[in-house]
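Presented below is the structure to which this report refers.
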Amino acid sequence: MTETPEKLAKAALPACPICGRHATPEFKPFCTARCADVDLNRWLGGVYRVEVNDPEAEIETDFDPSPERLH
């Protein structure tokens, strides 16, 4: 049984990180636009994040953007 170039190219691509199917070159590393959109939504929704326990790394929340304070 001989492998076609298309089958070899498909086998060389990694699995889609969202659903596990073979990735396609068009949407690499995903298999479809849907899986790419799912991944983007996870990024924007804060699902992918690194927890930090360093108090100095906390974001400053008392920022006052008023013009008087900027000068």
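Couple of notes before you dig in:
- Shown is the FRET efficiency for ARG42 and LEU13, computed with R0 = 30 Å from the Cβ-Cβ distance and rounded to the nearest 0.05: 0.90.
- A cut-off of 5 Å between modelled amide H atoms, ignoring neighbours fewer than 5 places along the same chain, links HIS22 with CYS16.
The numbers here are math on the coordinates, done by the rules we state, and not lab data. Fair warning: this is a prediction, and the values are worked out from it, not measured in the lab. Heads up, the Cβs are rebuilt from the backbone with ideal geometry, glycines too, and the neighbour counts pull from every protein chain shown.
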